[in-house]
Amino acid sequence: MSRLLQKRHCGMDLPGSPGCRKKPAMKPRLGLPTDVDPITHVILSAMPQDPAWVYRFPYRREYPQDHYKYTRMLFEYFLDPAYDDWVVMVIEDALESGRATEIVAFGVFNVSFRNKRAHGPGYQAQDRKSHFLCRNWADASRRRLDAFTHEQVEAYKRFFEPIGPEQIHLQILATLPAFQRRGHGSSICKWAMSLARDENLKDISVMASPMGHELYNWLGFQRVGEFPIRVPDEEVELTLVAMMYDPGA
Ligand SMILES: CC(C)(COP(=O)(O)OP(=O)(O)OC[C@H]1O[C@@H](n2cnc3c(N)ncnc32)[C@H](O)[C@@H]1OP(=O)(O)O)[C@@H](O)C(=O)NCCC(=O)NCCS
């Protein structure tokens, strides 16, 4: 297999191949409610690199307290064991050996397939995200948030709902800028890829923005479509790419 192909598809079937890793990737662990502050730090540091975050929170510099407060609230929810449709996986690392490790990367996954299996077709998915999105965030553009949510829901219905409940959705993934390109994002995704295989799931879905697209492509995710997000009287437009990993492929 050529080096180019290894770089373009680095699934778990290529352990130790030259394109896979510069150093052994750290192993993810389950995120706990007590991790909420370091995780909020990671997201507030990394997400301004993501055009989808910048699009939704154009006033984050003017209203840093709101930006911090509502972002943290969202992660309290994701980390709350009572809301087990969601799981957060984190990675700890240190810039220099010998220094204390800190949380440097995390991923939020929707694993509601477990509750859907346990409770049957009538299971009502947990969704407190809409509660947060209804709030009057001064850091956010409300109209962009609404357009973003609407288009994501429609895209999910179009691309992934027909696959059924036997899937994982990758909701958010971020690595602190100083720790990027060290294998942490892919290590977190590989945790989910392994779970999807072990549980015989049909896919892992994600709505990728540009940096995520590079990573998911490298991991062997397939592009299934793309969709624009735009508020009617605004010129600025965002495009996200729907991607999926098929554990059986
Ligand atoms: C996307 C993100 C999570 C990737 O995390 P990471 O820890 O740097 O990812 P990895 O080190 O595991 O990357 C593995 C491979 O993916 C590809 N890749 C990852 N980020 C890339 C980038 N910015 N540009 C090009 N390729 C990239 C590379 O092939 C990389 O291997 P290499 O470093 O040996 O070339 C990180 O860039 C980030 O937090 N970005 C801001 C938030 C964001 O956009 N999140 C995604 C939302 S969908």
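The values are calculated or read from the model by the stated rules, or taken from the named source; none is laboratory data. What you see is a predicted model; the values in this text were computed from it and never measured. Using ideal geometry, Cβ is built from the backbone for each residue, glycine included, and neighbour counts are taken over all protein chains shown.
Does Arg114 fit the bill of being within 25 Å of Arg197 (Cβ to Cβ) and part of a helix (DSSP H, G or I)? For Arg114, the condition - within 25 Å of Arg197 (Cβ to Cβ) and part of a helix (DSSP H, G or I) - is met. Considering Thr149, Thr175, the condition of being among the polar types (S, T, N, Q) and at pLDDT 95 or above is satisfied by Thr175 alone. Taking the criterion of being in contact with a Ser or Thr (Cβ under 6 Å, 6 or more places away or on another chain) and among the hydrophobic types (A, V, I, L, M, F, W, C), no residue of segment 220-239 qualifies. Of the residues making up segment 159-179, those that are out of contact with any helix residue (DSSP H, G or I) (no Cβ under 8 Å at 6 or more places or on another chain) and either free of Cβ contacts under 8 Å to residues at least 24 places away in the same chain or within 6 Å of the ligand (Cβ to nearest atom) (or both) number 2. Among the listed residues Asp127, Asp139, identify the single one that is part of a loop (DSSP other than H, G, I, E, B), under 25 Å from Arg72 (Cα atoms), away from the ligand (no atom under 16 Å from the Cβ) and in contact (Cβ under 8 Å) with a residue 60 or more places away in the chain. Testing whether each residue is part of a loop (DSSP other than H, G, I, E, B), under 25 Å from Arg72 (Cα atoms), away from the ligand (no atom under 16 Å from the Cβ) and in contact (Cβ under 8 Å) with a residue 60 or more places away in the chain leaves just Asp139.
Criterion applied to Leu238, Leu219 was being within 30 Å of Ala118 (Cβ to Cβ), surrounded by 18 or more Cβ atoms within 10 Å (Cβ to Cβ) and hydrophobic (A, V, I, L, M, F, W, C), and the one residue passing it is Leu219. Just a yes or no: is a residue in segment 183-194 within 12 Å of the ligand (Cβ to nearest atom), at pLDDT 95 or above, surrounded by fewer than 20 Cβ atoms within 10 Å (Cβ to Cβ) and not in a helix (DSSP H, G or I)? Taking every residue of segment 183-194 in turn, none turns out to be within 12 Å of the ligand (Cβ to nearest atom), at pLDDT 95 or above, surrounded by fewer than 20 Cβ atoms within 10 Å (Cβ to Cβ) and not in a helix (DSSP H, G or I). Each residue in segment 52-89 was checked for being at pLDDT 95 or above, in a helix (DSSP H, G or I), within 16 Å of the ligand (Cβ to nearest atom) and of a type in the set (A, V, I, L, M), and 2 of them qualify.
State which residue is surrounded by the most Cβ atoms within 10 Å (Cβ to Cβ) when the search covers only segment 87-116 and only residues that are free of Cβ contacts under 8 Å to residues at least 24 places away in the same chain and of a type in the set (D, E, K, R).
Checked segment 87-116; the qualifying residue surrounded by the most Cβ atoms within 10 Å (Cβ to Cβ) is Arg99.
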